[in-house]
Amino acid sequence: MLGEFFVTYGAWLWLALGILLIVTETLVPGMHFIWFGLAALAVGSALLTAWFDYSLQLLAFGILSMVTVYFGKRLYGHKMKSDQPNLNERGLDYVGRTALVETPINGGRGRVRLGDTVWAAEGADMPAGTSVTVTGINGTVLVVAKA
């Protein structure tokens with residue numbers, strides 16, 4: 001029964017999957033689904049002209065997916081790099097900047113004010129009001145040293 005369904009609608013299923021993947025591409029950031037959508041459209045188009053077995057359909061989809069991803073990455077890979085490489089690690093933008101100890105650093109932990117934000121900090125023990133330089137980050141904690 002399921003086999004008959006695929007024999008009858010195989011090409012249309014691949015074409016629908018291709019369209020669905022390309023539409024999904026418009027909803028998801030990045031360029032991920034379009035390459036698989038193009039591969040599915042190619043398999044569906046091929047099935048409109050000639051029938052081939054399910055295993056060959058899946059093999060063709062797999063190979064075409066790899067080809068489209070490869071050429072898509074070569075064509076658009078350089079355009080997909082962010083102009084803000086530290087976007088997800090905001091603390092890296094603060095390395096080298098000077099901050100002021102807000103809460104004394106005792107036992108290696110305290111808080112520093114950098115601009116209008118107070119950050120958790122770690123470093124050598126220092127009293128409040130000490131000027132420090134951000135030397136790195138540890139998760140969301142700024143690593144500081146006396147300026």
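The numbers here are math on the coordinates, done by the rules we state, and not lab data. Source: prediction; values computed, not measured. When we count neighbours, we look across all protein chains shown, and the Cβ atoms used for this are built from the backbone with ideal geometry, even at glycine.
Based on the alpha-carbon gyration tensor of the chain, what equivalent-ellipsoid semi-axes (square roots of 5 times the eigenvalues) come out, in whole Å, largest first?
58, 15, 11
With each label point set 7 Å from Cα along the Cα-Cβ vector, what nm distance links Ser131 and Arg109?
Placing both labels 7 Å beyond Cα along the Cβ direction yields 2.9 nm.
How large is the charge dipole for the chain, taken about the Cα centre, if only the Cβ atoms of Lys, Arg (+1) and Asp, Glu (-1) carry charge, to the nearest 20 debye?
For the chain, the charge dipole is close to 440 debye.
For the chain, find the longest principal axis of its Cα atoms and tell me its angle to the long axis of helix 54-76, 0 to 90°, nearest 10.
The two axes meet at around 40 degrees.
Which percent of the Cα-Cα distances in segment 2-80 go past 15 Å?
56 percent
Ignoring everything except DSSP H segments at least 4 long, calculate the 222 nm mean residue ellipticity for the chain; use -39,500 (n - 2.57) per segment, divide by total residues, nearest 500.
Computed ellipticity for the chain at 222 nm equals -15500 deg cm²/dmol.
Relative contact order for the chain: what percent, with Cα pairs under 8 Å and sequence separation of 6 or more?
15 percent
Place the peptides 41-48, 25-32 in order of packing, highest mean first, counting for every residue the other Cβ atoms within 10 Å and averaging per peptide.
On the way: 41-48: 18.5, 25-32: 10.8.
For the peptides 41-48, 25-32, the packing ranking is 41-48, 25-32.
How high is the FRET efficiency from Leu100 to Val28, r the C-beta distance, R0 30 Å, rounded to 0.05?
0.10
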